[in-house]
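Structure, as structure tokens:
The values are calculated or read from the model by the stated rules, or taken from the named source; none is laboratory data. Just so you know, these numbers come straight off a predicted model, no measurement behind them. With ideal geometry, Cβ positions are generated from the backbone for all residues, glycine too; neighbour counts draw on all protein chains shown.
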Amino acid sequence: MKLNIAVLPGDGIGPEIVEQAMKVVKAVTKKFNHELSYEYGLTGAIAIDEVGDPYPENTHELCMKSDAVLFGAIGDPKFDNNPKAPVRPEQGLLAMRKKLGLYANIRPVETFESLLHKSPLRRELVEGADFVCIRELTGGIYFGEKGRKDGGNTAFDTNTYTREEIERILKLGYEFAGKRNKKLTVVDKANVLESSRLWREVAQEMAPNYPDIKTEYMFVDNAAMQIIQWPKNFDVMVTENMFGDILTDEASVITGSLGLLPSASMGIHTSVFEPIHGSYPQAAGKDIANPIATILSAAMMFEYAFNLMEEGKIIRDAVAASMTEGYVTVDIAEGESFKTSQVGDWIAEWVEKS
Ligand code: IPM
Ligand code: MN
């Protein structure tokens, strides 16, 4: 199979972790005799510095003509405390989501046996937790009408959703639940928000079409609590953009392995695969960052964008082997630790030799 990939390393540790994932991608494509072509593109703070735009038009064209996008991370502290910065790296991410129509952000929450002791939760609560958060990504308050009035002293952001936007994300939620444990939790704030009432209305209309799936409704504040109290009760959770932003951070941290979790953003055009963690600027260039979340994002890329399940699995097996054998970076090492580049080499070699 011919695989055309756009590679967007971004800022901070982005370039070094993406480099490791690319080692693994190359090893896998070689092993399975695929034809790989890839091209690098600029995004984030580095793109602002170089061309004044965090998601330049030629990067968008590259993404559009590729079959999948492998993304590192964006963000640079020099923008964080300047609310008046005219362009911000995050705008690049939002522009990419909107222009590629990436309406679904999929974040699997899985635990790793060897890291359970790092979870902020007691082992018995979190051991075996395995669910997927599906966050709507191109609607809601992130993209609604916003502005200032009253001479700048009143600010507003509007949370708008259309029936079509809600239907397509719920449909994806039902598809995931159908392939998993047949439970869909729709998270909203229908006791207060009109937009949430539309979500619930649409979900209630759709639920009878999926008789083998149990649809459950939960207010977002309660969901925030249940994620910590009973994480094992969730299978697939679906929610709007901002609730999903908050809940997915919460959900990822209960596993004790934020640095290990991948994600996929899918929708109308090319899908994007990226680690959940950010650009970790303090570690940039030090060869210490954990590349596993990006390597697992590459596994998701094989599975979701190319439907190459065996290729995805071999990456997952290689990652598991690196953890069992202790070839890991300092953040999760028990004794001896290895550099970012060494972990990348080890996992790529494991793939080649297996
Ligand atoms: C995320 C991030 C982004 C978001 C930021 C960087 C714009 O927090 O991907 O979750 O809020 O969506
Ligand atoms: Mn976030």
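A few points about this structure:
- When segment 238-247 is limited to residues that are of a type in the set (A, V, I, L, M, F, W, C) and within 15 Å of ligand 2 (Cβ to nearest atom), the one that is farthest from CYS133 (Cα to Cα) turns out to be MET242.
- Single condition LYS78 does not satisfy, out of (1) touching a Gly at 6+ places or on another chain (Cβ under 9 Å); (2) within 16 Å of ligand 1 (Cβ to nearest atom): (1)
- Unique residue being among the aromatic types (Phe, Trp, Tyr), within 16 Å of ligand 1 (Cβ to nearest atom) and modelled with pLDDT of 95 or more when the list is PHE71, PHE32: PHE71
- Condition met for GLU311 (part of a helix (DSSP H, G or I), of a type in the set (Asp, Glu), in contact with a helix residue (DSSP H, G or I) (Cβ under 7 Å, 6 or more places away or on another chain) and over 16 Å from LYS23 (Cβ atoms)): no
- So VAL132, is it within 16 Å of ligand 1 (Cβ to nearest atom), buried (at least 18 other Cβ atoms within 10 Å of the Cβ) and within 25 Å of ALA321 (Cα to Cα): yes
- Yes/no for GLY101 being out of contact with any helix residue (DSSP H, G or I) (no Cβ under 8 Å at 6 or more places or on another chain), on the phi > 0 side of the Ramachandran plot and modelled with pLDDT of 95 or more: yes
- Residue match in segment 36-53 (condition: touching a residue at least 40 places away in the same chain (Cβ under 8 Å), among the hydrophobic types (A, V, I, L, M, F, W, C), more than 13 Å from ligand 1 (Cβ to nearest atom) and over 23 Å from GLY259 (Cβ atoms)): yes
- In segment 190-228, of all residues being of a type in the set (S, T, N, Q) and touching a Ser or Thr at 6+ places or on another chain (Cβ under 9 Å), the one that is surrounded by the most Cβ atoms within 10 Å (Cβ to Cβ) corresponds to SER195.
- Subset of segment 221-250 (residues that are within 16 Å of ligand 1 (Cβ to nearest atom) and of a type in the set (Asp, Glu)): GLU240, ASP245, ASP249, GLU250
- Residue in segment 173-185 that is within 16 Å of ligand 1 (Cβ to nearest atom) and touching a helix residue (DSSP H, G or I) at 6+ places or on another chain (Cβ under 6 Å) present: no
- For segment 248-261, the tally of residues that are more than 10 Å from ligand 2 (Cβ to nearest atom) and assigned to a helix (DSSP H, G or I) stands at 6.
- Residues within segment 321-344 that are out of contact with any Phe, Trp or Tyr (no Cβ under 8 Å at 6 or more places or on another chain) and either of a type outside the set (Val, Ile, Thr) or buried (at least 21 other Cβ atoms within 10 Å of the Cβ) (or both), tallied: 12
- If you go through segment 104-153 and keep only what is in a helix (DSSP H, G or I) and of a type in the set (A, V, I, L, M), you end up with LEU115, LEU116, LEU125, VAL126, ILE141.
- Of the residues making up segment 271-286, those that are within 16 Å of ligand 2 (Cβ to nearest atom) and either more than 13 Å from the chain's Cα centre (by Cα) or assigned to a helix (DSSP H, G or I) (or both) number 2.
- When ALA95, ALA85 are checked against the criterion of being more than 19 Å from the chain's Cα centre (by Cα), surrounded by fewer than 23 Cβ atoms within 10 Å (Cβ to Cβ), more than 17 Å from SER263 (Cα to Cα) and among the aliphatic types (A, V, I, L, M), ALA85 stands alone in meeting it.
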